[in-house]
Amino acid sequence: MQTQSLIELMNPKCYWLFTLCFGLFFSCTDKKQQIGEEIVTKIEGYKSAKGYLPNNLKDIGIAEKEEGPIYYLKQNDSTYIVYYGLGLGESMVYNSKTKSWERDRQ
């Protein structure tokens with residue numbers, strides 16, 4: 001008896017739907033990552049120019065929305081995080097202390 005791969009077992013319509021959804025998810029995630037990186041650059045530019053961190057995204061010319069997609073949290077006078085959601089209970093978080101992005105699962 002010959003084994004078949006998952007792709008061979010999928011209905012062609014299901015395969016294309018899966019491929020489309022998978023592609024859209026990563027496209028949106030890449031866009032959020034790009035926006036997050038731009039925000040970090042603006043925050044660092046603001047800090048260099050003024051000597052202190054912005055209080056919120058509005059201070060760097062970005063309209064803050066409750067639904068995001070990107071969030072900024074000033075933790076104290078010298079550190080902050082920028083983050084966005086990946087899915088239920090999962091986020092990508094930029095930490096200014098480590099100057100790196102990390103996946104956070106809650």
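For this structure, a couple of remarks:
- Odd one out for Ile43 among (1) touching a helix residue (DSSP H, G or I) at 6+ places or on another chain (Cβ under 8 Å); (2) surrounded by fewer than 17 Cβ atoms within 10 Å (Cβ to Cβ); (3) in a helix (DSSP H, G or I): (2)
- Residues in the stretch 46-60 that are exposed (fewer than 12 other Cβ atoms within 10 Å of the Cβ) and not in a loop (DSSP other than H, G, I, E, B): Ser48, Ala49, Lys50, Lys58.
Coordinate-derived values only; no laboratory data. Computed from a prediction, not measured in an experiment: that's the story for all the values here. As a convention, Cβ positions derive from the backbone with ideal geometry for all residues, glycine included, and neighbour counts pool all protein chains shown.
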